[in-house]
Amino acid sequence: MRVLIYEYLPHELARLGVIARAAGLDRHQVAVQVYLAQERAGRARVCPVEPHHLSGLFIAELRRLQWGRIAAFMDREQVAAYAPSGDLRAVRCEEQRLQRLIADVAEAERCGRVALEISRHRVYRIGARPVAGRSRPGVPGPVVHLMAVSADNAAERAWAVHGRDGGLFQRTGYRIASVEQVLPESGELF
């Protein structure tokens with residue numbers, strides 16, 4: 001039996017992405033990012049609720065909290081530019097991620113799983129639009145966020161879950177229109 005172990009979980013991707021973007025920024029630049037993250041989280045709060053915990057709101061809130069934490073760290077420590085190596089909480093979180101990964105592998109081995117796969121999944125935003133003739137002006141199409149190894153895999157998984165009879169897309173008369181990688185953002189990690 002093959003066991004899939006995630007190298008990064010969504011909250012880890014969000015945290016590490018913000019840390020990577022913050023590296024080298026001064027306090028003013030971080031303050032701008034805090035403001036932008038607060039705006040994005042505010043916009044996400046008024047979007048239609050997604051059917052999964054992993055959602056645009058969840059991701060926006062994770063990023064907002066991380067930017068706020070970095071700003072508070074810089075103010076408290078009076079640092080001119082953010083350096084992740086000097087942020088003990090960031091270092092500790094990465095150590096915890098690695099410990100989680102080691103524990104997941106050890107647990108799978110302990111249970112006798114022979115085929116382990118450590119996967120570098122990403123988070124994708126899958127947007128849908130109405131099929132021809134079913135458009136309703138002012139009503140946004142459904143959106144879901146999923147972890148997958150590629151954009152094609154994300155679309156396949158979204159359709160497998162939500163495209164079946166009674167699924168979100170079938171029930172509302174929608175088809176997948178876009179698949180966009182949201183975690184990590186381009187150039188953030190890998």
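Structure above, values below:
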{"quantity": "Verdict on ALA71 being under 22 Å from VAL30 (Cα atoms) and in a helix (DSSP H, G or I)", "calculated": "yes"}
{"quantity": "Which listed residue is in contact with a Lys or Arg (Cβ under 6 Å, 6 or more places away or on another chain), within 21 Å of GLU12 (Cα to Cα) and part of a helix (DSSP H, G or I), from ALA41, ALA103, ALA90", "calculated": "ALA41"}
{"quantity": "Pair list, Cβ under 6 Å, 6 or more apart: the range 61-77 residue at pLDDT 95 or above, other residue among the charged types (D, E, K, R)", "calculated": "GLN66/ARG15; PHE73/ASP87; MET74/ARG27"}
{"quantity": "First in the range 1-19 and touching a residue at least 12 places away in the same chain (Cβ under 8 Å) and in a helix (DSSP H, G or I), second anywhere and among the aliphatic types (A, V, I, L, M) and open to solvent by 30 Å² or more (accessible area, probe 1.4 Å), Cβ under 8 Å, 6 or more apart", "calculated": "PRO10/LEU62; HIS11/LEU62; LEU13/LEU189; ALA14/LEU62; ARG15/LEU62; LEU16/LEU189; GLY17/LEU189"}
{"quantity": "The listed residue being of a type in the set (D, E, K, R) and within 22 Å of ARG122 (Cβ to Cβ), out of ARG45, ARG40, ARG27", "calculated": "ARG40"}
{"quantity": "Of all residues in the range 106-121 being touching a strand residue (DSSP E or B) at 6+ places or on another chain (Cβ under 6 Å) and open to solvent by 50 Å² or more (accessible area, probe 1.4 Å), the one that is nearest to TYR8 (Cα to Cα)", "calculated": "ILE118"}
{"quantity": "Residue, nearest to the chain's Cα centre (by Cα), within the range 61-82, restricted to residues that are among the aliphatic types (A, V, I, L, M) and surrounded by 13 or more Cβ atoms within 10 Å (Cβ to Cβ)", "calculated": "LEU62"}
{"quantity": "Residue satisfying all of: in the range 11-30; within 11 Å of the chain's Cα centre (by Cα) and open to solvent by 20 Å² or more (accessible area, probe 1.4 Å); nearest to GLN66 (Cα to Cα) among these", "calculated": "ARG15"}
{"quantity": "The range 31-60, residues that are among the aromatic types (Phe, Trp, Tyr) and either touching a Ser or Thr at 6+ places or on another chain (Cβ under 8 Å) or loosely packed, with under 15 Cβ neighbours inside 10 Å (or both)", "calculated": "TYR35"}
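The values are calculated or read from the model by the stated rules, or taken from the named source; none is laboratory data. Source: prediction; values computed, not measured. Using ideal geometry, Cβ is built from the backbone for each residue, glycine included, and neighbour counts are taken over all protein chains shown. Heads up: the accessible areas ignore ligands, DNA and RNA and are worked out on the full protein's heavy atoms, side chains in. Shrake-Rupley method; radii C 1.70, N 1.55, O 1.52, S 1.80 Å.
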